[in-house]
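Read the structure below first, then the notes.
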Amino acid sequence: MSQISMSLALLLSLLFLFLPTGGQAQSGRSLDLTQLPVKLMLGDDPAYADPDFADDDWKHHDVFAIGDRVARDGGLEVRFYWQRIHFDGAALPVLAKPALHIGVLVSGNILYLNGVEFARVAMQEKPFGGLDAGNDKGMPRVFAIPPNLLKQDGKNVLAIRSVRGALNASILAGPVEITEESTALSQSHGKTLFFVLFNSLSLFVFFLAFLVTLIVWLVSRETNGLGWLVLTFLTLQPHFIFNSSLALFLGLSVSPVIFPFLTANLAALSLVPMLEFSARHLKIKIRWYGRLLQLALLLLPFIPEVGSDFLFPIRRLDSLIWLVFLLLTFTLITWWAVRRALQPDRRAYPVIIGATAIWIGAALGLAGGDQWFYAKTGTSSGDITVPLFLISLAWAGMQPLFEARARLAKAQSEVIEAQEYERRRIAYDIHDGVGQWLSTIKLNLQMLQGQHRDGSVAQGVADVVCHVDAAISDTRRIAHDLSPAMIEKQGLIAAMQSHADVIRSRAGINVRIEIEDEQESGFDATSEGHLYRIYQEALQNAIKHGRATDIRVSFSRNGNQFRFMIKDNGTGFDTNAPSKGLGLASMHRRAELLDATLDVKSVAGKGTEVVVAR
């Protein structure tokens, strides 16, 4: 799961680099407003929309401003700001249906042309206040200009009223041009699809990681903290769903009454389960900070809206408090992970990778690169780095389960090795101990038989010799079945042939063995032992349970790959029925130790086919 998710996330982070800039003004067919001076005023006054308003004392900018720059210029209490641009209608080409084309524009903007509002993007008045009440994802925008509103033979004024949210900026990126409506729609179509595709892939990675984590948590029922990680995903889901380019494109929205709770307050609470999971996974005691974090996040919605002047351009005190706890939480998680990694503890490595992605995103935002990223993708870098971090936590949370599975596999392998060792020891004891004693008894009886020629005595001794012969044969057979010495001396193929000969002579069953290369199997002694046990168990099942009369065995090998098949004409069985014995389970386990798969096909009345392949 983690490799697939990480690969998809890396693909997301690279896709936008190949996005064509698109939407550039075509010479003679549009008026590029980004080439004209822009006047900026902090604050809010409806008179700023009036084309006759005197704006000579406004600040001049070469490009359109964004929320962060406004905050740096005007302080933290600034919420609204206006931008005005003057242009001569005579510079416009002849346009049948003029439209304003903006490359990227987020919610929280009202556009006026010559004092008349002609476009509004999710601008809502109090108590819902702009960006905090609507989807703030950037999208290419095309606004039709009403007839006779554009003065093609005089002076025009385009005014934009913008609002910035608690942690968001009202982003407006080029191109910003007046052009033909059909041309604008054509130019914005490709970028819109890219934004939606990019955001959809991000959502897919997020939900893939969530589903895998949820399934593993439900199936494993382990107390390793995965439940906290599932809760983290759940608290962040509304934000990623309703505050996405895909939701904006599909028109998916919720009431502004609950939008702040779903996308801001609930997402803020995700820090608590995220911290709990990280502490459990890294085996750290949270102590007092966890309780402080819970209390602070629960009180955030009740903090009144006041200005705050501390370090970062944030409009509200609750947003400042949340950002402080966000930085503290990620700093703690990073510090814990680094400490565990130095011990060393491999479980800390995925956490460090995810935390690194978060800090890279934070550095990108502080350096102003997040605005460029937003303009290129229609989303913030946090919408990529947060899923990456969650994927790394999911990877980390599943590591103990993978380690437990590896330990179980190792234990099973050791059990099988111990069984083989005991088989060999018992086989040698039977052969060298009981077998030798029986041979000595037989020899003594034969000597006694030669000394006594009396008919009745001689016959009695002969009968005893026959019984001893039978005992010796059974002893050799048992020793051979426990640990066929022929595997060690002559290899797997010879041992298989020898076992088939025994079955033919004892049971009268036709066993055909087809080997491509009878010289050698090409496996080490341990692998040959596993294959022989599978072969032995399959033949025993065919004879004992399937009552087969004809068994065909084939073995082929090509480099590291091989195919080993045992097929019989027995009664067959229901492969879906639960197995009561250990034979089939042992065969599967031995196949796993060979890094192979074991496939059993059986139809009632038509026999059984066992295939081991790699």
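The values are calculated or read from the model by the stated rules, or taken from the named source; none is laboratory data. All of these numbers come straight from a predicted model, not from anything done at the bench. Cβ sites come from the backbone with ideal geometry, for glycine too, and all protein chains shown count toward neighbours. When the accessible area is computed, the model is the full protein with side chains, heavy atoms only, and any ligands, DNA or RNA have been set aside. Shrake-Rupley method; radii C 1.70, N 1.55, O 1.52, S 1.80 Å.
Which ones in segment 555-567 are part of a strand (DSSP E or B) and open to solvent by 20 Å² or more (accessible area, probe 1.4 Å)?
Passing the criteria: SER556, ARG557, ASN558, GLN561, ARG563, LYS567.
What pairs come up if the first residue lies in segment 381-402 and is open to solvent by 10 Å² or more (accessible area, probe 1.4 Å), the second is not β-branched (Val, Ile, Thr) and not in a helix (DSSP H, G or I), and their beta carbons are under 6 Å apart, counting only those six or more places apart or on different chains?
GLN399/ARG347; PRO400/ASN224
So that you can scan it fast, the table gives a plain yes or no per residue for (1) within 26 Å of LEU401 (Cα to Cα); (2) open to solvent by 40 Å² or more (accessible area, probe 1.4 Å); (3) polar (S, T, N, Q); (4) outside the structural domain of THR263 (by the TED database):
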{"site": "THR213", "(1), (2), (3), (4)": "yes, no, yes, no"}
{"site": "LEU218", "(1), (2), (3), (4)": "yes, yes, no, no"}
{"site": "TRP228", "(1), (2), (3), (4)": "yes, yes, no, no"}
{"site": "LEU234", "(1), (2), (3), (4)": "yes, yes, no, no"}
{"site": "ALA247", "(1), (2), (3), (4)": "no, no, no, no"}
{"site": "GLY251", "(1), (2), (3), (4)": "no, yes, no, no"}
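Would you confirm whether any residue within segment 317-326 is over 21 Å from GLY365 (Cβ atoms), at pLDDT below 85 and either open to solvent by 50 Å² or more (accessible area, probe 1.4 Å) or not β-branched (Val, Ile, Thr) (or both)?
No - not one qualifying residue is present in segment 317-326.
Please verify whether THR329 is more than 17 Å from GLU276 (Cα to Cα) and in the same structural domain as GLN237 (by the TED database), treating the condition exactly as stated.
Spelling it out, it is not the case that THR329 is more than 17 Å from GLU276 (Cα to Cα) and in the same structural domain as GLN237 (by the TED database).
Any idea which of (1) surrounded by fewer than 23 Cβ atoms within 10 Å (Cβ to Cβ); (2) in a helix (DSSP H, G or I); (3) in contact (Cβ under 8 Å) with a residue 24 or more places away in the chain is the one GLY354 doesn't satisfy?
Answer for GLY354: the failing condition is (1).
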